[in-house]
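Below is one structure, written out as structure tokens; the observations come after it.
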Amino acid sequence: MVKSPGYFKNPIRDGHSLFPDSLVLSTDAEEIVIPEVGMFGRMGEYGEFPNLRKVTFSDVDYLPGDVISRMPNLEEVVFNGMIGHFDCTLISNCPNLRSIVFRGPVSSTGGPGFLYGLPNLEKVVFENVVVDLGINFSPDYLCPKLKGITNNGAFLNVYNDSLTPPATIDQLRANPELIGEMERIARWQLEVLRAKNSEWMRKSEYQSAKILQPILAELGSSVADSLKEAMEYAWNLGDDVKNELEILKESPAYAPDAAMNLRFKYASPTDSLLTLSRERFNLDSIAGHGDDISRIKNLLYWVHNNITHDGSNGFAPGACNLRNTYDSARRDTCGYNCRALAICLAEVLLAEGIPARYVTCLPKAWDTDIDCHVICVAWSKSLGKWVWVDPTFAAYITDDKGVMLHPREVRYRMQHDLPVILNKDANWNNRFPESQENYIDYYMAKNLYVLEVNTFNQAEPEGRSGHAQGYHVALVPQSITYPNSDYTTTDEQWFWQAPE
């Protein structure tokens, strides 16, 4: 007896059941046909199917990752019906699987990790329309016999166009059958967009509809207007369907704030704690004797290369300073979170006479989204502005001419579709490269809504210390409330003032 997997509690589309009252699959069957369902769970959780050779799916709104895994004799999987969305790593660890065929249309897919651990897989065929195809192939996915995918349908948007290019309007216009399938997906999407409780599927299908709707409009389809109305309805519900950049673009403006009269202070490089760090780590040599931009970058890379990032680990036990963090990381063979790394980078910059701040970057949904990020800014005399430096990813951001940018400039440029470029060697722990798409378009677009700094930048700016510490001040757009800082302001001119 197969029971509802419980990924959704309510129908993804109003009036359509999530799961049948009862569904029985024979554990000794050689072939199984899954009827039309709202969602289907991981078959491996339903028991063992030692004789199973073939699985066929009918229409399904949602399929999770690992929907089929650890089936020792499975040879073929066929998706006969329409799929609303399937997650990444859809099928894994089936040693005899040879063929996967998608006969029906697909609205959207998960990320690049499509398949895994299928040593005899030879064929993946798409016979129909796929609106948003996010898949990719890599040797790391352990499918050595699979040389690519066969596209007998039409992909409208693809993550990796080297696999297969997206269809052109002329190709689509010449195929009335594919246009009909696109309209079928559109009608499904508008049901999801208007449903009462479609949860995260509403956002997923809104993003897919953004691809499909203008193509249908250009083809003169009568469904295009209905889909556009459903998209407007979903948009007006709030932020649910908006991506991170769209939310940032809708941010209210800043405004002058005459009440803000706090002073920002920066410890002198002769400060005793800064002197200890400068001499202990020979920071003068690390910074070098080039211009201020080269010195800032050298110190950024040094912190990145010498203190590992571990987002699950906070501060080192003891004082919040560079020496203790560095020593603890080596003693305990561990890393520390982005806040600890940013505080360390601010300390080395200050020790070299470069004013610096660590900046906590938070999302609009700070009260429900606990994932924020902490970067640094360093004052460049040559540019006359703060510049963005992030030790977690050895990252900085430039314009299209290679000039380093200030967080204020990055935020403005993202909101106005101007070029912002991540340095090519940005990476995580010198293990994985960091992409512009993930870092700027997603991660920092999300986390540039509320910005918080310390008014006194020094070694041991927070935590236990024997000296006076500053206040935390948050820069917020007008009408936004953020109660977790000592002070809030809407005045970006005051917030980003030059160091005295």
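The values are calculated or read from the model by the stated rules, or taken from the named source; none is laboratory data. Quantities reported herein were computed from a predicted structural model and do not represent experimental measurements. Quick reminder, even Gly has a Cβ in these numbers, built from the backbone with ideal geometry, and neighbours come from all protein chains shown. When the accessible area is computed, the model is the full protein with side chains, heavy atoms only, and any ligands, DNA or RNA have been set aside. Shrake-Rupley method; radii C 1.70, N 1.55, O 1.52, S 1.80 Å.
Remarks
- For the stretch 258-320 versus the stretch 354-422, the spacing of their alpha-carbon centroids is 17 Å.
- Rh by Kirkwood over Cα pairs, then Stokes-Einstein D for the stretch 2-51 at 0.890 mPa s and 25 °C, µm²/s: 204 µm²/s
- Separation between Cα centres of the stretch 155-191 and the stretch 433-500, rounded to whole Å: 44 Å
- Sum of side-chain charges, Val387 neighbourhood, beta-carbon under 15 Å (Lys, Arg +1; Asp, Glu -1): +3
- Average accessible surface area per residue within the chain, 1.4 Å rolling probe, Å²: 43 Å²
- Dividing the C-alpha radius of gyration of the stretch 70-111 by 2.2 N^0.38 Å, with N its residue count, gives 1.23.
- Extension gain from Ser285 to Gln415, taking 0.36 nm per residue of separation minus the Cα-Cα distance: 42.9 nm
- Amide H to amide H, with H built 1.01 Å from N, Asn96 comes under 5 Å of Leu74, counting only residues 5 or more places away or on other chains.
- Diffusion coefficient, µm² s⁻¹, Stokes-Einstein with Kirkwood Rh over alpha-carbon pairs of the stretch 43-190 at 37 °C and 0.692 mPa s: 211 µm²/s
- Mean shadow area of the stretch 118-249 over all directions, Cα convex hull, nm²: 9.5 nm²
- Fraction of accessible area attributable to carbon and sulfur, the chain (%, probe 1.4 Å): 47 percent
- Taking the convex hull of the alpha carbon positions in the chain and averaging its projected area over all directions gives 26.7 nm².
- Sum of side-chain charges, His467 neighbourhood, beta-carbon under 15 Å (Lys, Arg +1; Asp, Glu -1): -2
- Residue-wise HN-Hα coupling along the stretch 299-312, computed from phi with Karplus coefficients 6.51, -1.76, 1.60 (Hz; x: Gly, Pro): 6, 4, 5, 5, 5, 4, 7, 10, 10, 5, 8, 9, x, 8
- Calculated on the Cα set of the stretch 178-237, radius of gyration then Dmax: 10.6, 32 Å.
- A cut-off of 5 Å between modelled amide H atoms, ignoring neighbours fewer than 5 places along the same chain, links Phe155 with Val130, Ala167.
- When you filter the GluC sites (Glu not before Pro) in the stretch 321-422 for DSSP loop state and at most 14 other Cβ atoms inside 10 Å of their Cβ, nothing is left.
- For Tyr412, the solvent-accessible surface computed with a 1.4 Å probe is close to 130 Å², ligands and nucleic acids excluded.
- Amide hydrogen proximity for Val359: with H placed 1.01 Å from N in the peptide plane, the residues at 5 or more positions away or on another chain lying under 5 Å are Ile375, Cys376, Val377.
- Residues in the stretch 353-362 carry Karplus couplings, in order, of x, 9, x, 8, 9, 9, 10, 8, 10, 10 Hz; the curve used is 6.51 cos²θ - 1.76 cosθ + 1.60 with θ = phi - 60°, and Gly or Pro positions show x.
- Projecting the Cα atoms of Tyr266, Ile169, Ser208 onto the dipole axis of the stretch 164-273, where Lys and Arg carry +1 and Asp and Glu carry -1 at the beta carbon, places Tyr266 farthest toward the positive end.
- Scalar couplings 3J(HN,Hα) for the stretch 474-485, obtained by applying the Karplus form with A = 6.51, B = -1.76, C = 1.60 to θ = phi - 60°, are 10, 8, 10, x, 4, 6, 9, 9, 9, x, 8, 10 Hz; x denotes Gly and Pro.
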